[in-house]
Amino acid sequence: MSFTRRDALKTAPAVALVASIPGVAMAQGQPRRGGTITVHMLGEQRILNPALRASTGVYVIGGKMMEPLVDLDAKGGPTPVLATSWSSSADGKTITFKLRQGVNWHDGKPFTSADVQYTAMEMWKKHLNYGTALQLYLDGVDTPDAHTAVFRYGRPMPMDLMLRAMSDLGYIAPKHVYAGTNVLENPANAAPIGTGPFKFSKYERGQYVIAVRNDNYWRKGMPYLDQIVWRFIPDTAAAVAAIESGQVQIVPEGALPLADLDRLKKDPRFEVSSRGNEGNAVMNTIEFNFRRKEIADHRVREAIVRALDVPFFCENFLFGFAKPASGPIPTSAPNFHPKDAPQYPFDKKKAEALLDEAGYKRGADGKRFNLRLVPAPWGEDIALWATFMQQSLQQVGIGVEIVRYDAAGYLSNVYKEWNFDLATGWHQYRGDPAVSTTVWYRSGSPKGAPWTNQWGWQSEQNDKLIDAAAFEIDPAKRRKLYADWVTLVNKEIPLWMAIERLLISVTNRKLQNHHNQPRWISSSWHDLWISA
């Protein structure tokens with residue numbers, strides 16, 4: 001392969017890599033109270049309410065002020081937060097949560113089951129991305145008393161799915177703040193009122209968000225910190241300078257240039273690690289538009305996948321901090337990851353033969369046909385991957401035009417206008433295939449819905465397998481259904497999850513109790529403290 005990382009860096013804009021590097025720092029000594037930490041944010045989050053927007057960027061800020069019913073413990077299992085216990089009926093159609101007593105909202109009002117009922121029916125079911133699909137068959141939430149919420153479903157809801165989903169899709173908002181308002185335009189979306197360890201203080205657009213200690217937090221004696229400041233620094237060079245000078249103590253999503261991450265991991269002042277991000281694997285995608293006749297041919301899609309030397313790319317462009325994916329469920333999810341799904345390893349000769357067989361011979365200029373590739377604008381790795389795809393496909397006679405947009409333009413062109421032949425971005429796996437993965441494949445999503453099946457591909461067998469697995473309450477049967485599903489979609493290649501890795505964080509080693517659970521950057525940080 002003659003195309004190198006140096007070549008790509010000349011043509012791809014430097015934005016952000018998130019990758020996987022082992023880390024070792026753990027909390028030491030007695031926790032100290034007080035102090036302020038400053039967190040780097042690459043982009044601005046105009047909605048900070050995680051009950052309305054499922055996004056790591058929203059969790060990093062809003063997840064310190066608002067809380068879910070359930071989170072993950074250090075081993076990745078469900079742990080109580082606003083819910084203290086839970087149970088399911090034998091048929092899986094009723095799930096009962098017992099709620100924590102003595103919890104108040106930041107404005108002093110008591111937290112009750114009415115808040116859970118309102119949030120589930122008016123936010124999760126109607127507006128929350130991924131939540132609308134998860135709660136599609138939620139018929140209602142009963143509140144027999146102030147600290148009991150009974151979820152009633154028209155079809156079974158597997159308990160393991162519900163609990164894993166709640167850590168991301170189970171944040172609770174205050175009914176008394178939202179009821180009778182337009183929930184999408186409520187001012188509290190940018191100034192959250194929650195039950196969490198930190199209280200909203202100030203949001204200066206384009207500059208920073210500040211939250212201060214909640215002195216009435218239900219976890220007695222916590223939080224340890226006085227204040228958290230999230231600074232919006234879109235210039236990555238400025239962000240690197242800020243972390244090195246001590247103005248910023250943590251870059252939670254590793255939104256720094258590749259070379260700087262590689263350099264900072266050698267600096268003893270910092271931990272550069274994927275530790276604590278195991279709950280959110282990231283996968284680089286190849287998304288196909290079946291409305292283009294060449295793409296609709298399975299042989300062409302297989303040829304495109306086989307033309308890409310993914311191991312070479314991971315080693316030479318991502319510093320080896322990623323590996324080839326083997327389908328839509330990453331290896332970091334051993335409960336569901338199948339080991340024998342169909343694969344398409346790099347084979348340039350096979351790719352050429354498939355294209356010839358499909359009837360797309362090289363012309364006099366060596367070209368077979370041209371494609372329009374639209375990459376997402378939020379990652380240096382995405383930009384590099386797009387350029388690598390362009391160069392690789394040219395070698396088998398497919399011309400590729402890369403068309404770049406800002407975030408709004410990308411989402412519109414790919415998911416609303418379908419103005420692409422190939423697209424590439426990120427898929428984030430959230431612990432269970434039904435939470436955020438199968439929606440990429442199942443038909444029926446509204447036009448324009450981001451990160452859903454907008455490819456023009458439909459399979460009745462695919463939809464049946466997805467639905468059967470989503471409603472199967474026997475864990476063993478559910479795993480088997482997902483293994484069958486991965487086999488099907490790997491054969492069909494409606495899209496291809498090409499690369500898997502974990503988010504990476506850069507953390508000043510003065511911070512203690514950090515990254516101590518699998519979705520730590522999204523968690524509450526109630527036990528985070530600063531050493532002397």
For 95-104, 45-54, ranked highest to lowest by mean beta-carbon neighbours within 10 Å, the order is 45-54, 95-104
Range of Cα positions in the range 201-303 per principal axis (Å), largest first = 61, 36, 29
Here the FRET efficiency for THR84 versus LYS361, based on Cβ atoms and R0 = 51 Å and rounded to 0.05, is 0.15
Could you sort 192-201, 291-300, 367-376 so that the peptide with the highest average Cβ count within 10 Å comes first and the rest follow in order?
-> 192-201, 367-376, 291-300
For the range 59-214, the percent of accessible surface on carbon and sulfur atoms (probe 1.4 angstrom, ligands and nucleic acids excluded) is 50 percent
Could you give the distance between the Cα centres of the range 495-532 and the range 301-367, to the whole Å?
-> 30 Å
In whole Hz, the Karplus estimates of ³J(HN,Hα) for the range 301-311 (6.51, -1.76, 1.60; θ = phi - 60°; x where Gly or Pro) are 4, 5, 4, 4, 5, 6, 7, 9, 7, 5, x
For every other residue with a beta carbon closer than 12 angstrom to the beta carbon of ILE228, add +1 if it is Lys or Arg and -1 if Asp or Glu, then tell me the sum.
-> +4
Per residue and in cubic angstrom, what volume does the convex hull of the Cα atoms of the chain have?
-> 138 Å³
Between ASP484 and SER531, the two model label points (7 Å from Cα along the beta-carbon direction) sit apart by a distance in nm of 5.2 nm
So what is the accessible area of the chain per residue, in Å², with the probe set to 1.4 Å?
-> 38 Å²
Can you pull the percent of the range 281-347's accessible area that's carbon plus sulfur, 1.4 Å probe, other chains left in place?
-> 52 percent
Taking the chain and counting helices only, DSSP H stretches of n ≥ 4 at -39,500 (n - 2.57) each over all residues, the nearest-500 ellipticity at 222 nm comes to -7500 deg cm²/dmol
Scan around PHE369 for amide H atoms under 5 Å from its own, H built in the peptide plane at 1.01 Å from N, and keep only partners 5 or more places away or cross-chain.
-> GLY399
Collect residues whose amide H, placed 1.01 Å from N in the peptide plane, falls under 5 Å from the amide H of ARG53; neighbours closer than 5 in sequence don't count.
-> none
Packing-wise, with mean Cβ within 10 Å as the measure, how do 182-191, 328-337 rank, highest first?
-> 328-337, 182-191
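The values are calculated or read from the model by the stated rules, or taken from the named source; none is laboratory data. It should be emphasised that the depicted structure is a prediction, and the values quoted were computed from it without experimental measurement. When we count neighbours, we look across all protein chains shown, and the Cβ atoms used for this are built from the backbone with ideal geometry, even at glycine. Ligands, DNA and RNA are excluded from the accessible area calculation, which covers all protein heavy atoms including side chains. Shrake-Rupley method; radii C 1.70, N 1.55, O 1.52, S 1.80 Å.
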